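Right, one structure below, let's go through it.
The values are calculated or read from the model by the stated rules, or taken from the named source; none is laboratory data. Quick caveat: nothing in here was measured; it's all calculated off a predicted structure. Cβ: placed from backbone, ideal geometry, glycine included. Neighbour counts: every protein chain shown.
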Amino acid sequence: MTATVSAPRRAGRPSGGVRRGEAVAGWAFTAPVLVILGIFLLVPVLMALWVSFSDWSGRGSPFSGNVNFVGLDNYAAITAEGGLPTRDFGTALRNNAWYVLLVVPLQTALSLFLAVLVNRAVLRGRGLFRTAFYFPSVTSSVAITVLWLFLFSASGAVNQILGAVGIAGPNWFNDPSGVVHNALGAVGVTDGPAALTGSGFLGLTWWDWLSGPSVAMSAFILMAVFTTSGTFMLLFIAALQNLGGDVDEAAMMDGANAWQRFWRVTLPQLRPTLFTVLTLGLIGCWQVFDQIYTGTQGGPGKTTLTPAYLSYSAAFLDQDWGQGAAIAFILFAIIVILTIFQRWVLRDRPVSKRRARQYELPQKKKEVAR
């Protein structure tokens, strides 16, 4: 007589029925959110994508019979035809590129500096400083913009302070000149070389692309750094408080000074948070709209025009909904590409063979000694 002994069920592993029940419960709890996101997010995005390939006039349904498919005509009008829409799109891209190039590094560096500063245990009143640095981030961007218009007006507080030290301040929000061209003009360079003025991209010469942000856009850049650094400071503070002190103490015992410990020990451990901050800053800077809408509406001379505001202007003001949607999707593609590139730059890299040998040599010496 033979007895069959069944293998004991492994502890901690749920049965298939339990797993299926958990999956059904999970889908049941998330279904309302998925339905809401699908109706109010995914469907409008797909509708806007269709509008970018159509000649919809903004009246009636974009899926009605009198709306025609025009292919890539809307995209070609702003990127290849060379008319005013192309030049406006090129101007908006140039303005926003300089905005991103300056705001993202400055706000990241300032927020990290503030986080390290207020995270010190020896600092008294840390809570007060954190609140003070974070307060501009919770203030309405419209209110901050109105305040900025007042501070940076021709007779505002900023020019009054500059005048007190003998500097004639510019007429900030009415000055369309580029700061790079202004700096070159101060040393006698007023015209660009033929290689830069004879060719260009999207209706602008390369000399125009290198003009730098206008004086008006520079004021917006200062405002963005001032209002966003507090938010990213909190992210860095949370990351710093989760770091263990043993590695830093080991580096201190090895003779590393404060800067070496920060650069070689602390900063590499902040890489995930750094990627998050850079990604959020990149997305926010490319989507800047409310400050421009409240402040200058693209002026002076379209030097504060951004793709987000140009998309609004083309669709809601000029009633060219196809071009407005096309600008929005090109902006979306730019953000995705730059985010992927940023992720590639900040990826975890393997230790080089040269550095690995530095750690292998002592072990080899011990083996030889044995």
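Restricting the search to helices (runs of 4 or more DSSP H) fully inside the stretch 214-333 and requiring at least 1 residues that are buried (at least 19 other Cβ atoms within 10 Å of the Cβ) and of a type in the set (Phe, Trp, Tyr) gives 215-241, 271-286, 307-312.
Scanning the stretch 22-52 for residues that are farther than 30 Å from VAL70 by Cα and hydroxyl-bearing (Ser, Thr, Tyr) turns up just one, THR30.
When residues in the stretch 64-82 are screened for being touching a residue at least 24 places away in the same chain (Cβ under 8 Å) and not in a helix (DSSP H, G or I), 2 of them pass. Of all residues in the stretch 149-190, exactly one satisfies the criterion of being closer than 26 Å to TRP206 by Cα, more than 33 Å from the chain's Cα centre (by Cα) and either surrounded by 12 or more Cβ atoms within 10 Å (Cβ to Cβ) or not aliphatic (A, V, I, L, M) (or both), namely GLY188. Of the residues that make up the stretch 110-124, is at least one touching a Gly at 6+ places or on another chain (Cβ under 6 Å), modelled with pLDDT of 90 or more and hydroxyl-bearing (Ser, Thr, Tyr)? The answer is no, given that none of the residues of the stretch 110-124 is touching a Gly at 6+ places or on another chain (Cβ under 6 Å), modelled with pLDDT of 90 or more and hydroxyl-bearing (Ser, Thr, Tyr).
Among the residues making up the stretch 185-215, those that are closer than 22 Å to LEU110 by Cα and in contact (Cβ under 8 Å) with a residue 60 or more places away in the chain are GLY212, PRO213. Only residues that are touching a residue at least 40 places away in the same chain (Cβ under 8 Å) and either more than 17 Å from LEU117 (Cα to Cα) or not aliphatic (A, V, I, L, M) (or both) were counted in the stretch 223-265, giving 13.
A single entry from VAL215, VAL225 fulfils the requirement of being modelled with pLDDT of 90 or more, of a type in the set (A, V, I, L, M) and touching a Leu at 6+ places or on another chain (Cβ under 8 Å): VAL225.
Tell me yes or no: at least one residue of the stretch 133-153 is free of Cβ contacts under 8 Å to residues at least 60 places away in the same chain and of a type in the set (Ser, Thr, Tyr). The answer is yes, given that some residue of the stretch 133-153 is free of Cβ contacts under 8 Å to residues at least 60 places away in the same chain and of a type in the set (Ser, Thr, Tyr). Which of the residues that make up the stretch 64-84 are loosely packed, with under 12 Cβ neighbours inside 10 Å and closer than 19 Å to SER311 by Cα? The answer is GLY71, ALA80, GLY83, LEU84. Within the stretch 98-118, if we keep just the residues that are in contact (Cβ under 8 Å) with a residue 60 or more places away in the chain and out of contact with any Phe, Trp or Tyr (no Cβ under 8 Å at 6 or more places or on another chain), the residue that is farthest from TRP50 (Cα to Cα) turns out to be LEU110. Among the residues of the stretch 27-63, those identified as assigned to a loop (DSSP other than H, G, I, E, B) and either hydroxyl-bearing (Ser, Thr, Tyr) or surrounded by fewer than 10 Cβ atoms within 10 Å (Cβ to Cβ) (or both) are SER57, SER61. Checking every residue in the stretch 127-135 against the condition of being under 30 Å from GLN319 (Cβ atoms), among the polar types (S, T, N, Q) and either modelled with pLDDT under 90 or under 27 Å from the mean Cα position of the chain (by Cα) (or both) gives zero matches. Which of the residues that make up the stretch 239-270 are among the aromatic types (Phe, Trp, Tyr) and under 24 Å from ARG347 (Cβ atoms)? Result: PHE262, TRP263.
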